[in-house]
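All of the numbers you see were taken from the coordinates with simple rules; none came from a lab. Computed from a predicted model, the values in this text were never measured in an experiment. Here the Cβ positions follow ideal geometry from the backbone for every residue, glycine too, while neighbour counts run over all protein chains shown.
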């Protein structure tokens, strides 16, 4: 499957100029998508395009059976928590998507941290479910929703690793006697079963380290060859990211006084988010999507992957001034966790192109950042094409890791990338909560309001 033609990448060739305007309008739609959208490179049948109206019907249809050969039944399901329309079972009970997401976020937290402002017996329905976290969670447990069915971060990582390894075996035809992740169950219910599977990965990832060129040279390209078209595509991504990184500016933190606020910091980060969006606008596959899907990709993913972009922009160095401000705006522990997560990517200090490819992989995700409420629809019009493009770039990243390292080191690298993106996801939820605590969401500029899902 060829994802990009030479014509599409000619615009980022060193031999020719880039014809993209220097100034962008403030409106997010216009700002992101002033360029013409090209869609001729990937053909996807209309049969695969999901209809938003079908997705919003809240109806499960049973296919015809021998007993009723010509009749379709419409089964209307109701959420056991809030009585909203539901699709099916989640955590062993019938719930809507909102209550499913709510339970996943809060079920593992300590109930003592929640308090009801009233009698502890609030009525929970579709209109009141957001008014009392305590009573909503209590009702989830009252109907016996199962928190032990929530996947841990390690289980989610194993699931992704399992898929990556299956793709790797298919592409590179590994012998069957190689140790495989295919046999690992997607959901591991018993923690004692998951620890042995992850022990070797976690032991290697416990201490962040960079890979030194001198000590690794003798394993390069000995296990897999990187095809010429892959090398050209990776080179195009590298050169394209450079054009975006040149627009970034991280100098604002050093100028902050003690009166600087979290809202000011987020607004000042606008220029860095713009530079990452500029990079994506140069990726041919990104431009193949229509306006709706491009906006959703930015809203769903930018908040969690901007950190990889900043690592590259700052050449793997952390701003020495950010710690004291983050400790004041949020907590010292938050800054410590951010620093630790950032430091783990020092593994790729010698090979920053790995992170540039990772940025492309994760922009085509559909669920890195959940909607703030049910009114924010995540209705991608071409999910199949998103899956195909992301799968293509995941495979490209995997082949490149195998080109750089031996198979074991490549697996560790892929594991690190996935787990640290998940860590950033959790940390950005903490920042989001701190922002809401200050009650200054309305002071964010238009782009950052969109990135943080306030619009």
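For segment 76-149, the relative contact order comes to 34 percent (Cα pairs under 8 Å, sequence separation of at least 6). Using a/c under 1.5 as the rounded threshold, could you call segment 76-149 rounded, prolate or oblate? The axes a ≥ b ≥ c are square roots of the C-alpha gyration tensor eigenvalues, and prolate needs a/b larger than b/c, oblate otherwise. Oblate shape, in that a/c is at least 1.5 and b/c is the bigger or equal ratio.
Working ranking of peptides 437-445, 382-390 by packing, defined as the average number of other Cβ atoms within 10 Å per residue, highest first, is 382-390, 437-445.
The length gained on full extension between residue 321 and residue 438, counted as 0.36 nm times the residue separation minus their Cα-Cα distance, comes to 40.0 nm. Once the chain from residue 151 to residue 116 is taken as fully extended at 0.36 nm per residue, the excess over their C-alpha distance is 9.8 nm. The listed peptides 392-401, 115-124, ordered by packing as a protection proxy, come out as 392-401, 115-124 (highest mean of other Cβ atoms within 10 Å first).
When peptides 354-361, 323-330 are ranked by their average number of other Cβ atoms within 10 Å per residue, the highest-first order is 354-361, 323-330.
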